[in-house]
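The values are calculated or read from the model by the stated rules, or taken from the named source; none is laboratory data. Values in this document were obtained by computation on a predicted structure and should not be read as measured data. Glycine also receives a Cβ, built like all others from the backbone with ideal geometry; neighbour counts cover every protein chain displayed. Surface areas here come from the heavy atoms of the whole protein model, side chains and all, with no ligands, DNA or RNA. Shrake-Rupley method; radii C 1.70, N 1.55, O 1.52, S 1.80 Å.
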Amino acid sequence: LSERLERRASKLSCRGRRIEPVYDVGGPKVRLGVLWFLLAWAGFALGSLGVGAVFVTAATVASLQVAAHLMIEEDTNSRVTAAVITAAVGTSAIFDARVVGIVILVAVVVAFVVASQTIDRSMLVQVAGLTLRAALPLGIAVAALLYLHRVDAWVFMILFGVVSIYDAGNFLVGTGSRRAWVGPLAGLLGAAAVVFGAAGFEAPPLTEQTTWLVGGLAALACPFGQIIGSFMLPRPDARAPALRRLDSYLLAAPLTLAVFLLLGGNRPLL
């Protein structure tokens, strides 16, 4: 028992805690980034089901990676549950926003039920919390992405372009600098160029001004999404490549959807 508790404590140690993401430069990162962009674009071309297949799959893998860092091997059921919750919440956006809310509530209950089977019964609340920590941020972000695509594909494209260019600039410039702010600044400048181009095309209900509002807020949310990703992990340098592919969306996707709907964006027929 004491050995398991020590392993739990070591995974959750906050010693030397940082919030900024740590760049993983091992392997063919640029080629993988290009491959991810092309895969996501192919999903977009196939419609909502394609977008869902690409992003829900990536988020599910990311959830498994995060849960593996947060929980010990004996918590296998809860680790798998985290991935299932992510996939369920993300996929539920295909139906209706109310369905997303219902699935989230059910997910909380399921997380506690599965955690009640943990080998350390006194850790029930902790294990359930870790399950939701690994699952809900990713599930909600993907649900917002998928719902946004159903609401307005043009706004989805703006968000996708903003995040893609931000991630590229952040990685390419940030890996060569010792200052934590240089990468995000480079990414934001690239994202601003995307918004500038999008603002030249007025697609109702967006105008030039509201395009800047939506795109600008999405860009500003990207670095905060990376910070959320760092808080999901026990350490920012914990290796979770699937999470780092999606972390910029963690805040940007829900925020973009909310702002667009407040501006009068259409809602899906379903």
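May I ask you to list the residues in segment 45-64 that are of a type in the set (Gly, Ala, Ser) and not in a helix (DSSP H, G or I)?
47
Within segment 121-132, is there a residue that is modelled with pLDDT of 95 or more, part of a helix (DSSP H, G or I) and farther than 30 Å from residue 5 by Cβ?
Taking every residue of segment 121-132 in turn, none turns out to be modelled with pLDDT of 95 or more, part of a helix (DSSP H, G or I) and farther than 30 Å from residue 5 by Cβ.
Residue by residue through segment 65-78, note down the ones that are part of a helix (DSSP H, G or I) and in contact (Cβ under 8 Å) with a residue 24 or more places away in the chain. I'd like the intermediate steps shown before the answer.
Step one: list which residues in segment 65-78 are part of a helix (DSSP H, G or I), which gives 65-70, 73-78.
Those that are part of a helix (DSSP H, G or I) and in contact (Cβ under 8 Å) with a residue 24 or more places away in the chain: 65, 66, 67, 69, 70, 74, 75, 77, 78.
Go over the candidates 221, 143, 203 one by one and state the one that is touching a helix residue (DSSP H, G or I) at 6+ places or on another chain (Cβ under 6 Å), assigned to a loop (DSSP other than H, G, I, E, B) and more than 30 Å from residue 9 (Cβ to Cβ). Give the derivation first.
Values: 221 fails: assigned to a loop (DSSP other than H, G, I, E, B); 143 fails: assigned to a loop (DSSP other than H, G, I, E, B).
The match here is 203.
Looking at 175, 207, can you tell me which residue is among the hydroxyl-bearing types (Ser, Thr, Tyr) and closer than 22 Å to residue 34 by Cβ?
Exactly one of 175, 207 is among the hydroxyl-bearing types (Ser, Thr, Tyr) and closer than 22 Å to residue 34 by Cβ, namely 175.
Which count do you get for residues in segment 154-200 that are free of Cβ contacts under 8 Å to residues at least 12 places away in the same chain and outside any helix (DSSP H, G or I)?
Matching residues across segment 154-200 total 6.
So, in segment 15-31, how many residues would count as being open to solvent by less than 90 Å² (accessible area, probe 1.4 Å) and either in a loop (DSSP other than H, G, I, E, B) or modelled with pLDDT of 80 or more (or both)?
Result for segment 15-31: 11.
Given the conditions (1) modelled with pLDDT of 75 or more; (2) open to solvent by 80 Å² or more (accessible area, probe 1.4 Å), which single one is not true for residue 82?
Evaluating residue 82 over (1) modelled with pLDDT of 75 or more; (2) open to solvent by 80 Å² or more (accessible area, probe 1.4 Å) leaves (2) as the failure.
Sort through 105, 38, 70 and tell me the only one that's loosely packed, with under 15 Cβ neighbours inside 10 Å, at pLDDT below 95 and of a type outside the set (Lys, Arg).
When all the criteria are applied, what remains is 38.
Exactly one of these conditions fails for residue 150: (1) surrounded by fewer than 17 Cβ atoms within 10 Å (Cβ to Cβ); (2) of a type in the set (Lys, Arg); (3) touching a residue at least 40 places away in the same chain (Cβ under 8 Å). Give me its number.
Evaluating residue 150 over (1) surrounded by fewer than 17 Cβ atoms within 10 Å (Cβ to Cβ); (2) of a type in the set (Lys, Arg); (3) touching a residue at least 40 places away in the same chain (Cβ under 8 Å) leaves (1) as the failure.
Going through segment 242-270 one residue at a time, which ones are open to solvent by 50 Å² or more (accessible area, probe 1.4 Å), within 14 Å of the chain's Cα centre (by Cα) and of a type outside the set (Lys, Arg)?
251, 255
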